[in-house]
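Throughout, read-outs are computed from the coordinates displayed, never taken from laboratory work. Because the structure is a prediction, the values reported are computed rather than measured. So basically every Cβ, Gly included, is an ideal-geometry build from the backbone, and we count neighbours across all protein chains shown.
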Amino acid sequence: MPVNLRQWVDLLWSRAWWRYGQPGDAWFSIPYHAFNLFEGACWVVVAGLVLRRYLVFRRSGIEVLYALAFVTFGLSDFREAYALESWLVWAKLANLIALVVLRRIVITRWYPGSRVF
């Protein structure tokens, strides 16, 4: 059965894969919800640590972008705690790529004794 354009758009952009509080999936929803809230909070704390490092050493404004990338990743986890949609998966992937690139820049330029990964 051929898939039309509307189905592709739904699959790749607008499909809701999971929503918090759906009847019949409490065994999965509650731990998944709690884990994403905890994970989001952890990423926001990491962002605060990166921002603190910037404020102490003032190496580069790129560290501010690095902290902002952690904040947005945490915010995406807060959103994921309530619904997982295709667009969110793509946004998280783009955010993850930004985090990896920014980490490489920050670590190799200003903290060369540290490991990149």
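Under 15 Å from the Cβ of ARG53, count the other residues' Cβ atoms, weight Lys and Arg +1, Asp and Glu -1, and hand me the total. Net charge in that neighbourhood comes out at +4.
Let me check I've understood the local charge: for ALA67, count other residues with C-beta under 13 angstrom from its C-beta, Lys and Arg +1, Asp and Glu -1. What total comes out? Walk me through the numbers before you get to the answer.
On the way: positive: ARG52, ARG53, ARG59, ARG103; negative: GLU63.
Once all neighbours under 13 Å are counted, the net charge is +3.
Among [x] 63, 21, 19; [y] 65, 24, 23; [z] 55, 34, 21, which one is Cα extents along the principal axes in Å computed from these coordinates? Entry [z].
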